Amino acid sequence: NAGVTQTPKFQVLKTGQSMTLQCAQDMNHNSMYWYRQDPGMGLRLIYYSASEGTTDKGEVPNGYNVSRLNKREFSLRLESAAPSQTSVYFCASSEAGQGWVETQYFGPGTRLLVL
Amino acid sequence: AQSVTQLGSHVSVSEGALVLLRCNYSSSVPPYLFWYVQYPNQGLQLLLKYTTGATLVKGINGFEAEFKKSETSFHLTKPSAHMSDAAEYFCAVSRGTSYGKLTFGQGTILTVHP
């Protein structure tokens, strides 16, 4: 039982390049989330997927797109990377029993540097 | 809108001393409150959470937090710090109508000195 896994662990991009961050969970959770973490700002929600087949914007969605490929996988795509997207990206998942009280389980993160 | 403020971006204590990490929230509806811990180069893991019922919540690793509605606070404490407690701690709030969506504070880095 690996929990939440993310690939890659670290990535360097040039401005304008695109990339996809991958996330998978093996806990049979219905809900999945993408956050970014910046110094002094905590974690901010980019997008979330309450269940397979649905996605919604979070607090900072601009410049990102997501795909809920199946129940296990939730990917985050940067179409044209910008230096402002340099950050640590975390994927999380949770059961969908009682959404607002459920525990979210986090992956180890992807460190992205955009030059 | 809901928000979380963590007072003090860095807290330093001696091993064996009391740990107190402060969190205040604002929410227009009864909140659900969480403390998460992040060890270096790792993801976040849940320490404890308050939903309803008893206002003193006990979590893992000897941590506890008390929900005080009148003070809009949810401070995290541990009676005796251990070197292994050194990490970054995040307070978060969720509203009942915001399906699974957490709003995080900016984090507090705890340093434990020998």
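Residues in segment B:3-14 that are over 16 Å from the mean Cα position of the chain (by Cα) and surrounded by 14 or more Cβ atoms within 10 Å (Cβ to Cβ): B:Val13 alone. Go through segment B:1-22 and count every residue that is in a loop (DSSP other than H, G, I, E, B), over 30 Å from A:Lys9 (Cα atoms) and in contact (Cβ under 8 Å) with a residue 60 or more places away in the chain. Result for segment B:1-22: 5. Applying a threshold of 6 Å to beta carbon distances and a minimum spacing of six or more residues, or different chains, the list of pairs starting in segment B:23-34 at a residue that is modelled with pLDDT under 90 and ending at one that is of a type in the set (S, T, N, Q) and surrounded by fewer than 17 Cβ atoms within 10 Å (Cβ to Cβ) reads B:Ser26/B:Ser3. A:Ser80 passes every criterion in (1) more than 23 Å from B:Ala92 (Cβ to Cβ); (2) within 14 Å of chain B (Cβ to nearest Cβ) apart from (2). Looking at segment A:1-27 only, could you name the residues that are of a type in the set (S, T, N, Q), over 14 Å from the mean Cα position of the chain (by Cα) and in a strand (DSSP E or B)? Listed by number, the list holds a single entry, A:Gln11. Could you check segment A:1-59 and list, in sequence order, the residues that are within 23 Å of B:Gln106 (Cβ to Cβ) and polar (S, T, N, Q)? Hits for segment A:1-59 are A:Gln6, A:Gln37. Scanning segment A:1-22 for residues that are within 11 Å of chain B (Cβ to nearest Cβ) and on the phi < 0 side of the Ramachandran plot yields A:Val4, A:Thr5, A:Gln6, A:Lys9, A:Phe10.
Inspection of segment B:38-46 identifies no residue that is within 15 Å of A:Glu102 (Cα to Cα), touching a helix residue (DSSP H, G or I) at 6+ places or on another chain (Cβ under 9 Å) and buried (at least 21 other Cβ atoms within 10 Å of the Cβ).
Within the set B:Tyr32, B:Tyr50, B:Tyr36, the sole residue that is closer than 22 Å to A:Val88 by Cβ and either within 14 Å of chain A (Cβ to nearest Cβ) or more than 13 Å from the chain's Cα centre (by Cα) (or both) turns out to be B:Tyr36. Just give me the residues in segment B:55-96 being within 14 Å of chain A (Cβ to nearest Cβ) and more than 20 Å from A:Leu43 (Cα to Cα), in sequence order. Hits for segment B:55-96 are B:Val57, B:Gly59, B:Ile60, B:Phe67. Residue selection: B:Ala54 fails the criterion of being surrounded by 21 or more Cβ atoms within 10 Å (Cβ to Cβ) and of a type in the set (A, V, I, L, M). Elements of the type strands (runs of 3 or more DSSP E) sitting completely within segment A:32-115 and holding at least 3 residues that are in contact (Cβ under 8 Å) with a residue 40 or more places away in the chain, farther than 21 Å from B:Pro31 by Cα and among the polar types (S, T, N, Q): there are none.
The values are calculated or read from the model by the stated rules, or taken from the named source; none is laboratory data. Note that this is a predicted model, so its numbers are computed, not measured. Note that we place each Cβ from the backbone using ideal geometry, even for glycine, and neighbour counts take in every protein chain shown.
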